[in-house]
Amino acid sequence: MSENMFFEKKGPFPLIEITKIIGCTNITTIKNNLTIKSFESLDNATSNDITFLNSSKYQKLSLKTKASACITTSTLSKFLPKNCINIDVKNVLFAVNQVAKIFYPKAEMDFIDENLSSSENLKHLYKNVLFGKNVFIGKNVSIGEDTSIASNTIIETNVIIGKNCVIGSSVTVRNALIHDNVYIQDGVKIGIKGFGFIPNNMKNIRTPHVGKVILEEGVEIGSNSTIDRGSLSNTIIGKNTFLDNQVHVAHNVQIGKNCMIAGQVGFAGSSTLGDNVVIGGQAGISGHLKIGNNVKIGGGSGVVNNIPDNSQVMGYPAVPLKEFVKQRKKI
(Lines give C-alpha, C1' and ligand atoms only; values in the text may rest on other atoms or scores of the structure.)
Protein backbone atom coordinates (compact mmCIF):
# COMPACT_ATOMS: atom_id res chain seq x y z
CA MET A 1 0.00 0.00 0.00
CA SER A 2 1.23 3.52 -0.77
CA GLU A 3 2.50 5.74 2.00
CA ASN A 4 -0.09 7.76 3.91
CA MET A 5 0.00 11.29 2.45
CA PHE A 6 -1.81 12.94 5.36
CA PHE A 7 -0.23 11.44 8.48
CA GLU A 8 3.38 10.84 9.41
CA LYS A 9 3.93 7.14 10.00
CA LYS A 10 6.52 5.64 12.35
CA GLY A 11 8.15 2.26 11.99
CA PRO A 12 8.92 -0.41 11.02
CA PHE A 13 8.70 -2.18 14.39
CA PRO A 14 9.63 -5.72 15.41
CA LEU A 15 6.47 -7.79 15.80
CA ILE A 16 7.71 -9.12 19.14
CA GLU A 17 7.88 -5.51 20.39
CA ILE A 18 4.30 -4.82 19.25
CA THR A 19 2.96 -7.90 21.02
CA LYS A 20 4.65 -6.85 24.26
CA ILE A 21 3.11 -3.37 24.07
CA ILE A 22 -0.41 -4.77 23.71
CA GLY A 23 0.18 -7.30 26.47
CA CYS A 24 0.09 -10.47 24.38
CA THR A 25 2.40 -13.12 25.83
CA ASN A 26 1.06 -16.35 24.31
CA ILE A 27 2.92 -16.02 21.01
CA THR A 28 5.67 -18.57 20.53
CA THR A 29 6.06 -18.65 16.74
CA ILE A 30 7.39 -15.14 16.09
CA LYS A 31 10.77 -14.98 14.45
CA ASN A 32 13.11 -12.54 16.14
CA ASN A 33 13.77 -10.70 12.88
CA LEU A 34 10.13 -10.33 11.75
CA THR A 35 9.32 -6.64 11.39
CA ILE A 36 6.04 -4.90 10.64
CA LYS A 37 6.00 -1.88 8.32
CA SER A 38 2.40 -0.78 8.69
CA PHE A 39 -0.97 -1.28 10.35
CA GLU A 40 -3.61 -1.86 7.65
CA SER A 41 -7.15 -3.13 7.10
CA LEU A 42 -7.73 -6.79 6.24
CA ASP A 43 -8.07 -6.16 2.51
CA ASN A 44 -5.23 -3.65 2.18
CA ALA A 45 -2.62 -5.45 4.29
CA THR A 46 0.46 -6.96 2.66
CA SER A 47 2.97 -9.50 3.94
CA ASN A 48 4.79 -6.65 5.71
CA ASP A 49 1.75 -5.52 7.70
CA ILE A 50 -0.33 -6.25 10.78
CA THR A 51 -4.14 -6.10 10.74
CA PHE A 52 -7.08 -6.93 13.02
CA LEU A 53 -10.30 -8.99 13.03
CA ASN A 54 -13.05 -8.16 15.51
CA SER A 55 -16.13 -9.77 13.94
CA SER A 56 -17.04 -12.89 12.01
CA LYS A 57 -18.88 -10.58 9.57
CA TYR A 58 -15.51 -10.00 7.94
CA GLN A 59 -14.43 -13.63 7.60
CA LYS A 60 -14.48 -13.49 3.79
CA LEU A 61 -11.90 -10.72 3.93
CA SER A 62 -9.90 -12.23 6.79
CA LEU A 63 -9.53 -15.60 5.07
CA LYS A 64 -7.90 -13.83 2.13
CA THR A 65 -5.78 -11.33 4.03
CA LYS A 66 -2.09 -11.16 3.15
CA ALA A 67 -1.08 -9.72 6.52
CA SER A 68 1.79 -11.31 8.42
CA ALA A 69 -0.09 -11.01 11.71
CA CYS A 70 -3.58 -10.26 12.92
CA ILE A 71 -4.89 -8.98 16.25
CA THR A 72 -7.97 -11.02 17.07
CA THR A 73 -9.53 -13.35 19.64
CA SER A 74 -9.13 -17.08 20.09
CA THR A 75 -12.65 -17.67 18.75
CA LEU A 76 -12.05 -15.68 15.56
CA SER A 77 -8.55 -16.93 14.75
CA LYS A 78 -10.03 -19.81 12.72
CA PHE A 79 -11.00 -17.24 10.07
CA LEU A 80 -7.38 -16.40 9.27
CA PRO A 81 -4.97 -17.99 6.76
CA LYS A 82 -2.57 -20.55 8.19
CA ASN A 83 0.46 -18.37 7.44
CA CYS A 84 -0.99 -15.39 9.35
CA ILE A 85 0.22 -15.17 12.94
CA ASN A 86 -2.70 -15.00 15.37
CA ILE A 87 -2.25 -12.43 18.11
CA ASP A 88 -4.98 -13.34 20.58
CA VAL A 89 -6.13 -10.60 22.94
CA LYS A 90 -9.08 -10.15 25.28
CA ASN A 91 -10.06 -6.71 23.94
CA VAL A 92 -9.35 -6.35 20.22
CA LEU A 93 -10.35 -2.69 19.95
CA PHE A 94 -8.16 -1.66 22.87
CA ALA A 95 -5.20 -3.49 21.32
CA VAL A 96 -5.95 -1.89 17.94
CA ASN A 97 -5.91 1.51 19.60
CA GLN A 98 -2.48 0.85 21.08
CA VAL A 99 -1.00 -0.38 17.80
CA ALA A 100 -2.47 2.50 15.79
CA LYS A 101 -0.83 4.96 18.17
CA ILE A 102 2.52 3.23 17.71
CA PHE A 103 2.45 3.84 13.96
CA TYR A 104 0.49 7.13 13.95
CA PRO A 105 1.18 8.95 17.24
CA LYS A 106 -0.29 12.27 16.00
CA ALA A 107 -3.56 11.05 14.49
CA GLU A 108 -5.87 10.68 17.47
CA MET A 109 -7.20 14.22 17.03
CA ASP A 110 -7.18 16.98 14.40
CA PHE A 111 -4.32 19.33 15.17
CA ILE A 112 -3.80 22.79 13.66
CA ASP A 113 -2.41 22.80 10.12
CA GLU A 114 0.61 25.07 10.57
CA ASN A 115 1.24 25.29 6.80
CA LEU A 116 -1.81 27.38 5.87
CA SER A 117 -1.31 30.44 3.67
CA SER A 118 -3.74 32.99 2.31
CA SER A 119 -4.91 32.27 -1.23
CA GLU A 120 -4.00 35.88 -2.03
CA ASN A 121 -0.35 34.83 -1.83
CA LEU A 122 -0.79 31.57 -3.76
CA LYS A 123 -2.83 32.57 -6.81
CA HIS A 124 0.18 32.10 -9.07
CA LEU A 125 0.18 28.37 -8.24
CA TYR A 126 -3.40 27.75 -9.35
CA LYS A 127 -4.27 28.45 -12.98
CA ASN A 128 -7.86 29.55 -13.64
CA VAL A 129 -8.97 28.96 -10.03
CA LEU A 130 -11.33 31.53 -8.47
CA PHE A 131 -10.90 32.29 -4.76
CA GLY A 132 -13.25 34.22 -2.49
CA LYS A 133 -12.11 36.31 0.46
CA ASN A 134 -10.22 34.89 3.45
CA VAL A 135 -9.49 31.49 1.87
CA PHE A 136 -6.55 29.56 3.33
CA ILE A 137 -4.59 26.82 1.56
CA GLY A 138 -2.16 24.26 3.02
CA LYS A 139 1.12 22.95 1.67
CA ASN A 140 1.23 20.67 -1.42
CA VAL A 141 -2.44 21.25 -2.24
CA SER A 142 -3.50 20.49 -5.83
CA ILE A 143 -6.50 22.35 -7.31
CA GLY A 144 -7.68 21.77 -10.89
CA GLU A 145 -8.59 24.42 -13.43
CA ASP A 146 -11.97 26.16 -13.44
CA THR A 147 -12.58 25.37 -9.78
CA SER A 148 -13.99 28.04 -7.47
CA ILE A 149 -13.58 28.23 -3.70
CA ALA A 150 -15.81 30.66 -1.79
CA SER A 151 -14.95 32.86 1.18
CA ASN A 152 -13.78 31.68 4.62
CA THR A 153 -12.93 28.18 3.39
CA ILE A 154 -9.88 26.15 4.45
CA ILE A 155 -8.17 23.54 2.24
CA GLU A 156 -5.56 21.74 4.34
CA THR A 157 -2.19 20.27 3.45
CA ASN A 158 -1.90 17.58 0.74
CA VAL A 159 -5.58 17.75 -0.27
CA ILE A 160 -6.24 17.12 -3.98
CA ILE A 161 -9.17 18.84 -5.73
CA GLY A 162 -10.06 18.16 -9.36
CA LYS A 163 -11.20 20.36 -12.22
CA ASN A 164 -14.44 22.33 -12.45
CA CYS A 165 -15.34 21.90 -8.77
CA VAL A 166 -17.45 24.37 -6.80
CA ILE A 167 -16.66 24.66 -3.10
CA GLY A 168 -18.86 26.90 -0.97
CA SER A 169 -18.10 29.25 1.91
CA SER A 170 -17.00 28.19 5.42
CA VAL A 171 -16.02 24.73 4.18
CA THR A 172 -13.17 22.71 5.71
CA VAL A 173 -11.44 20.04 3.64
CA ARG A 174 -8.69 17.86 5.07
CA ASN A 175 -7.42 14.32 4.39
CA ALA A 176 -9.40 14.16 1.15
CA LEU A 177 -9.13 13.40 -2.58
CA ILE A 178 -11.83 15.19 -4.60
CA HIS A 179 -12.41 14.29 -8.25
CA ASP A 180 -13.64 16.55 -11.08
CA ASN A 181 -17.03 18.30 -11.17
CA VAL A 182 -17.73 17.97 -7.44
CA TYR A 183 -20.06 20.50 -5.78
CA ILE A 184 -19.62 21.11 -2.05
CA GLN A 185 -22.11 23.53 -0.52
CA ASP A 186 -21.62 25.98 2.37
CA GLY A 187 -20.55 24.81 5.81
CA VAL A 188 -19.48 21.27 4.85
CA LYS A 189 -16.74 19.53 6.85
CA ILE A 190 -14.82 16.84 4.95
CA GLY A 191 -12.10 14.53 6.24
CA ILE A 192 -12.56 15.26 9.92
CA LYS A 193 -11.83 12.64 12.57
CA GLY A 194 -14.68 10.21 13.12
CA PHE A 195 -16.36 9.15 16.34
CA GLY A 196 -13.69 6.64 17.25
CA PHE A 197 -12.86 5.83 20.85
CA ILE A 198 -12.51 2.95 23.28
CA PRO A 199 -15.10 3.21 26.09
CA ASN A 200 -13.63 2.92 29.54
CA ASN A 201 -15.23 3.28 32.96
CA MET A 202 -12.49 5.66 34.06
CA LYS A 203 -11.82 7.59 30.81
CA ASN A 204 -12.81 7.20 27.17
CA ILE A 205 -9.71 6.68 25.01
CA ARG A 206 -9.40 8.31 21.58
CA THR A 207 -8.27 6.12 18.70
CA PRO A 208 -6.41 7.37 15.59
CA HIS A 209 -8.21 7.71 12.26
CA VAL A 210 -5.70 7.68 9.41
CA GLY A 211 -7.89 6.98 6.36
CA LYS A 212 -9.02 9.41 3.67
CA VAL A 213 -12.25 10.72 2.19
CA ILE A 214 -12.64 10.12 -1.56
CA LEU A 215 -15.34 12.03 -3.43
CA GLU A 216 -15.68 10.63 -6.94
CA GLU A 217 -16.63 12.61 -10.05
CA GLY A 218 -19.90 14.53 -10.02
CA VAL A 219 -20.64 14.15 -6.30
CA GLU A 220 -22.69 16.83 -4.56
CA ILE A 221 -22.52 17.43 -0.80
CA GLY A 222 -25.30 19.53 0.78
CA SER A 223 -24.83 22.36 3.25
CA ASN A 224 -23.58 21.61 6.76
CA SER A 225 -22.98 17.94 6.05
CA THR A 226 -20.04 16.11 7.62
CA ILE A 227 -17.98 13.39 5.97
CA ASP A 228 -15.62 11.61 8.38
CA ARG A 229 -12.37 10.18 7.10
CA GLY A 230 -11.77 6.45 7.43
CA SER A 231 -10.10 4.82 10.39
CA LEU A 232 -7.72 2.45 8.55
CA SER A 233 -9.55 2.20 5.21
CA ASN A 234 -11.25 5.08 3.37
CA THR A 235 -14.65 6.77 3.32
CA ILE A 236 -15.84 6.80 -0.30
CA ILE A 237 -18.78 8.50 -2.00
CA GLY A 238 -19.35 7.16 -5.50
CA LYS A 239 -19.71 8.91 -8.83
CA ASN A 240 -22.72 11.21 -9.29
CA THR A 241 -24.12 10.59 -5.80
CA PHE A 242 -25.95 13.54 -4.22
CA LEU A 243 -26.24 14.23 -0.50
CA ASP A 244 -28.79 16.73 0.81
CA ASN A 245 -28.17 19.18 3.66
CA GLN A 246 -27.11 18.04 7.15
CA VAL A 247 -26.18 14.49 6.22
CA HIS A 248 -23.62 12.69 8.38
CA VAL A 249 -21.35 10.03 6.87
CA ALA A 250 -19.22 8.20 9.45
CA HIS A 251 -15.78 6.65 9.04
CA ASN A 252 -15.24 3.86 6.47
CA VAL A 253 -18.72 4.24 4.94
CA GLN A 254 -18.75 3.47 1.22
CA ILE A 255 -21.62 4.78 -0.91
CA GLY A 256 -22.06 3.64 -4.50
CA LYS A 257 -22.86 5.51 -7.70
CA ASN A 258 -25.94 7.59 -8.51
CA CYS A 259 -27.37 7.50 -4.99
CA MET A 260 -29.71 10.15 -3.58
CA ILE A 261 -29.56 10.81 0.17
CA ALA A 262 -32.13 13.25 1.62
CA GLY A 263 -31.58 15.66 4.51
CA GLN A 264 -30.57 14.63 8.02
CA VAL A 265 -29.78 11.04 7.12
CA GLY A 266 -27.09 9.51 9.34
CA PHE A 267 -24.72 6.66 8.54
CA ALA A 268 -22.87 4.78 11.27
CA GLY A 269 -19.35 3.53 10.59
CA SER A 270 -18.30 0.90 8.05
CA SER A 271 -21.64 0.40 6.30
CA THR A 272 -21.65 0.00 2.50
CA LEU A 273 -24.28 1.04 -0.04
CA GLY A 274 -24.65 -0.19 -3.59
CA ASP A 275 -25.53 1.89 -6.65
CA ASN A 276 -28.79 3.80 -7.23
CA VAL A 277 -29.83 3.78 -3.57
CA VAL A 278 -32.47 6.32 -2.50
CA ILE A 279 -32.86 7.24 1.19
CA GLY A 280 -35.60 9.52 2.57
CA GLY A 281 -34.97 12.24 5.14
CA GLN A 282 -34.01 11.52 8.75
CA ALA A 283 -33.36 7.82 8.15
CA GLY A 284 -30.60 6.16 10.15
CA ILE A 285 -28.26 3.40 8.92
CA SER A 286 -26.56 1.30 11.60
CA GLY A 287 -22.90 0.34 11.36
CA HIS A 288 -21.28 -2.55 9.49
CA LEU A 289 -24.32 -3.16 7.27
CA LYS A 290 -24.53 -3.96 3.56
CA ILE A 291 -27.23 -2.16 1.56
CA GLY A 292 -27.66 -3.56 -1.96
CA ASN A 293 -28.17 -1.92 -5.34
CA ASN A 294 -31.41 -0.11 -6.28
CA VAL A 295 -32.64 -0.07 -2.66
CA LYS A 296 -35.21 2.50 -1.51
CA ILE A 297 -35.40 3.40 2.19
CA GLY A 298 -38.33 5.47 3.45
CA GLY A 299 -37.88 8.66 5.43
CA GLY A 300 -37.48 8.28 9.19
CA SER A 301 -36.58 4.60 8.90
CA GLY A 302 -34.10 2.85 11.15
CA VAL A 303 -32.03 0.29 9.24
CA VAL A 304 -30.50 -2.32 11.54
CA ASN A 305 -30.09 -5.27 9.14
CA ASN A 306 -28.58 -5.87 5.71
CA ILE A 307 -30.88 -5.09 2.76
CA PRO A 308 -30.69 -7.10 -0.49
CA ASP A 309 -30.76 -5.62 -3.99
CA ASN A 310 -33.95 -4.05 -5.36
CA SER A 311 -35.68 -3.83 -1.96
CA GLN A 312 -38.03 -1.15 -0.62
CA VAL A 313 -38.11 -0.77 3.18
CA MET A 314 -39.59 1.54 5.76
CA GLY A 315 -40.20 1.85 9.48
CA TYR A 316 -38.23 1.26 12.66
CA PRO A 317 -36.83 -1.28 12.48
CA ALA A 318 -37.02 -1.05 8.69
CA VAL A 319 -39.07 -3.85 7.10
CA PRO A 320 -40.20 -4.51 3.51
CA LEU A 321 -42.62 -1.81 2.38
CA LYS A 322 -45.57 -4.19 1.92
CA GLU A 323 -45.11 -5.49 5.46
CA PHE A 324 -44.90 -1.92 6.78
CA VAL A 325 -48.19 -1.02 5.06
CA LYS A 326 -49.90 -4.09 6.58
CA GLN A 327 -48.67 -3.13 10.04
CA ARG A 328 -50.03 0.39 9.66
CA LYS A 329 -53.45 -0.91 8.60
CA LYS A 330 -53.69 -2.92 11.80
CA ILE A 331 -53.21 0.16 13.97
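The values are calculated or read from the model by the stated rules, or taken from the named source; none is laboratory data. Just so you know, these numbers come straight off a predicted model, no measurement behind them. Because the Cβ atoms are built from the backbone with ideal geometry, glycine has one as well, and the counts that use them run over all protein chains shown.
Laid out as a table, the results:
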read-out	value
Evaluation of N140 against (1) assigned to a loop (DSSP other than H, G, I, E, B); (2) closer than 30 Å to P14 by Cβ; (3) not basic (K, R) (one fails), failing number	(2)
Single match in N4, N32, N26 (criterion: outside the structural domain of S231 (by TED's automatic domain parsing), part of a loop (DSSP other than H, G, I, E, B) and either at pLDDT 90 or above or surrounded by 14 or more Cβ atoms within 10 Å (Cβ to Cβ) (or both))	N4
Residue that is nearest to V278 (Cα to Cα), among those in the range 304-331 that are in a helix (DSSP H, G or I) and not charged (D, E, K, R)	L321
Among residues of the range 61-93, those that are modelled with pLDDT under 95, more than 18 Å from I16 (Cα to Cα) and either assigned by TED's automatic domain parsing to the domain that holds R206 or under 20 Å from the mean Cα position of the chain (by Cα) (or both), counted	2
Of the criteria (1) over 27 Å from V92 (Cβ atoms); (2) surrounded by fewer than 20 Cβ atoms within 10 Å (Cβ to Cβ); (3) in contact with a strand residue (DSSP E or B) (Cβ under 8 Å, 6 or more places away or on another chain), which one I143 fails	(2)
Pair list, Cβ < 7 Å and 6+ apart or interchain, from the range 153-167 residues that are in a strand (DSSP E or B) to residues that are polar (S, T, N, Q) and buried (at least 23 other Cβ atoms within 10 Å of the Cβ)	I167/T153
Flag if N44 is out of contact with any helix residue (DSSP H, G or I) (no Cβ under 8 Å at 6 or more places or on another chain) and in a loop (DSSP other than H, G, I, E, B)	yes
Selection status of I102, surrounded by 16 or more Cβ atoms within 10 Å (Cβ to Cβ) and in contact (Cβ under 8 Å) with a residue 60 or more places away in the chain	yes
Failed item, numbered, when V249 is tested on (1) within 18 Å of the chain's Cα centre (by Cα); (2) under 19 Å from G162 (Cβ atoms)	(2)
The range 231-252 - residue that is closer than 17 Å to G196 by Cα and in contact (Cβ under 8 Å) with a residue 24 or more places away in the chain and, of those, surrounded by the most Cβ atoms within 10 Å (Cβ to Cβ)	T235
Residue match in the range 199-222 (condition: in the same structural domain as G274 (by TED's automatic domain parsing), among the small types (G, A, S) and touching a strand residue (DSSP E or B) at 6+ places or on another chain (Cβ under 8 Å))	yes
The range 52-85 - residue that is part of a strand (DSSP E or B) and in contact (Cβ under 8 Å) with a residue 40 or more places away in the chain and, of those, farthest from N4 (Cα to Cα)	I85
Residue count, the range 116-132 (criterion: in contact with an Asp or Glu (Cβ under 9 Å, 6 or more places away or on another chain) and modelled with pLDDT of 95 or more)	6
